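The values are calculated or read from the model by the stated rules, or taken from the named source; none is laboratory data. Bear in mind the structure is a predicted one, so any value in this text is a computation, not a measurement. Every residue, glycine among them, receives a Cβ derived from its backbone with ideal geometry; neighbour counts consider all protein chains shown.
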Amino acid sequence: MKIELTEKQFRRLLDLVYIGNWVLNSTRGDDRIREYDEVESTVFSNCINHGMVPLVEAYQGELIPSRAFAEGGIHEAILAYEDTMFFEILAQELALRDMDSDAPTPENYDELRERMDVYLGEFEQHGTDNITVEM
């Protein structure tokens, strides 16, 4: 298979591949999905031919994203996504709890969205400062 990309598109593809593998494998410990690691290694190996050598390094006989790549801001994008998802999921779970519902449905969607918006407004202003858990 051959895919033609501009240098800029290839650089963006590196970000996408890294983020995708991070999502799929970062929490798996020793139970990583090797096929995704292999795809990442294959894509990143092309850095050498595209003048992007600092973005790749050898590790245990494979080419992987370099420390320079990983520390170059990509994790800030991942963290921004994780923060957004955390608050979205928390708002939905709290709204469903308030509605005594297990899941979103077409019938409860509008009420769910309204309740979520209230929670999201609170989180935007105060983060988790006002959340308490009674034990």
Output for Cβ contacts, cut-off 8 Å, separation at least six or different chains, first residue farther than 23 Å from GLY73 by Cα in the stretch 22-33, second surrounded by 12 or more Cβ atoms within 10 Å (Cβ to Cβ) and at pLDDT 95 or above, reads ARG32/ASN25; ILE33/LEU24; ILE33/ASN25
Quick test of your reading of the structure: ALA95 fulfils all but one of (1) more than 25 Å from the chain's Cα centre (by Cα); (2) surrounded by 10 or more Cβ atoms within 10 Å (Cβ to Cβ); (3) not β-branched (Val, Ile, Thr). Name the failing condition by number. (1)
Report the residue count in the stretch 49-77 for those that are at positive phi and touching a Pro at 6+ places or on another chain (Cβ under 6 Å). 0
Out of (1) surrounded by 13 or more Cβ atoms within 10 Å (Cβ to Cβ); (2) more than 23 Å from the chain's Cα centre (by Cα); (3) over 30 Å from THR128 (Cβ atoms), the odd one out for LYS2 is which? (1)
Residue pairs meeting the criteria (Cβ under 6 Å; at least 6 apart or on separate chains; first closer than 17 Å to MET85 by Cα, in the stretch 109-135; second outside any helix (DSSP H, G or I)): LEU112/PRO104
Within the stretch 19-47, track down each residue that is under 16 Å from GLN9 (Cα atoms) and of a type in the set (A, V, I, L, M). ILE19, VAL43
Filtering the stretch 1-41 down to residues that are in contact with a helix residue (DSSP H, G or I) (Cβ under 9 Å, 6 or more places away or on another chain) and β-branched (Val, Ile, Thr) yields ILE3, VAL17, ILE19, VAL23, ILE33, VAL39
What residue, of GLU88, GLU57, GLU111, is assigned by TED's automatic domain parsing to the domain that holds VAL43, at pLDDT 95 or above, surrounded by 11 or more Cβ atoms within 10 Å (Cβ to Cβ) and of a type in the set (Asp, Glu)? GLU57
Please specify each residue of the stretch 80-127 satisfying the condition of being part of a loop (DSSP other than H, G, I, E, B) and either closer than 26 Å to ILE19 by Cα or of a type in the set (A, V, I, L, M, F, W, C) (or both). MET99, ALA103, GLY127
If you go through the stretch 71-79 one residue at a time, do you hit one that is exposed (fewer than 14 other Cβ atoms within 10 Å of the Cβ), in contact (Cβ under 8 Å) with a residue 40 or more places away in the chain and assigned to a helix (DSSP H, G or I)? yes
